[in-house]
Amino acid sequence: MTRALHSSDAPLVGVVMGSDSDWRVMADASQVLSDFGVPHEVEIVSAHRTPDKLIAYGREARGRGLKAIIAGAGGAAHLPGMLASVTALPVIGVPVPLATLDGLDSLLSIVQMPGGIPVATVSIGGAKNAGLLAVRILGASDPRLADRVEAYARELEDQVAQKNRRLKD
Ligand code: RP5
């Protein structure tokens, strides 16, 4: 079993990252999940520093009741792809930007998965959308959650309408 840094009861989504330095980006995914009331866990799992833990995490994830994994990493970011290779769960990859190359290295190493093992890659630093995508995945079998996604989309629409009104004031 893996040890969660902090977790809710019966987590449905695993938010993992290669280093605690990724938290500045990955916190957005956790925030979205909290906002939508989705129980989740947060864990540091490094592909190259803790390879055995990575394999165990991926292999045990489905049996522990997780429905999706959000994995963020920077640089040579093999964490999401490796996780996807040892679990049937959907894996959402978040390219974390580091000081060099503006995250392009992270993006390319996560998005360019060979056919057969998919990783749903969001934009560089796009942890918010990773959280929202996980919510949508859960919403496919949870109508109340899907309703909340629709309500959220309406809020965004309302915000644009408000901004337009302000522009014309
Ligand atoms: C990657 O190396 C991590 O995902 C992180 O983005 C990067 C740097 O890690 P630290 O040196 O900050 O621990 O594995």
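Please treat every number below as a calculation from the coordinates, not as lab data. Since this is a predicted model, take the numbers as computed values, not measurements. Note: ideal-geometry Cβ built from the backbone for every residue, glycine included; neighbour counts use all protein chains shown.
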So, in the stretch 113-151, exactly how many residues are within 18 Å of the chain's Cα centre (by Cα) and hydroxyl-bearing (S, T, Y)? 2
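Any residue in the stretch 55-69 that is of a type in the set (A, V, I, L, M, F, W, C), touching a helix residue (DSSP H, G or I) at 6+ places or on another chain (Cβ under 7 Å) and in contact (Cβ under 8 Å) with a residue 60 or more places away in the chain?
Scanning the stretch 55-69 turns up at least one residue that is of a type in the set (A, V, I, L, M, F, W, C), touching a helix residue (DSSP H, G or I) at 6+ places or on another chain (Cβ under 7 Å) and in contact (Cβ under 8 Å) with a residue 60 or more places away in the chain.
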Flag for D52 being free of Cβ contacts under 8 Å to residues at least 12 places away in the same chain, farther than 20 Å from S109 by Cα and of a type in the set (D, E, K, R): yes
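Residue check: is L167 of a type in the set (A, V, I, L, M) and either surrounded by 12 or more Cβ atoms within 10 Å (Cβ to Cβ) or in contact (Cβ under 8 Å) with a residue 12 or more places away in the chain (or both)? Step through it out loud before you land on a result.
Details: of a type in the set (A, V, I, L, M): yes; either surrounded by 12 or more Cβ atoms within 10 Å (Cβ to Cβ) or in contact (Cβ under 8 Å) with a residue 12 or more places away in the chain (or both): no.
Here the answer is no, as L167 does not meet what is asked.
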Considering only the stretch 112-148, how many residues are in contact (Cβ under 8 Å) with a residue 12 or more places away in the chain and either crowded, with 18+ Cβ neighbours inside 10 Å or farther than 18 Å from T87 by Cα (or both)? 22
Inside the stretch 26-49, can you point out the residues that are within 14 Å of the ligand (Cβ to nearest atom), among the β-branched types (V, I, T) and buried (at least 23 other Cβ atoms within 10 Å of the Cβ)? V45
D22 fails exactly one of (1) more than 10 Å from the ligand (Cβ to nearest atom); (2) of a type in the set (D, E, K, R); (3) assigned to a helix (DSSP H, G or I), namely (1)
Regarding G72, is this residue touching a strand residue (DSSP E or B) at 6+ places or on another chain (Cβ under 6 Å), closer than 22 Å to L108 by Cα and of a type outside the set (S, T, N, Q)? yes
With the first residue restricted to the stretch 82-93 and required to be more than 14 Å from L54 (Cα to Cα), and the second required to be of a type outside the set (A, V, I, L, M, F, W, C) and assigned to a loop (DSSP other than H, G, I, E, B), Cβ contacts under 9 Å at 6 or more apart or on different chains are A88/R62; L89/R62; L89/K67; P90/K67; P90/P118
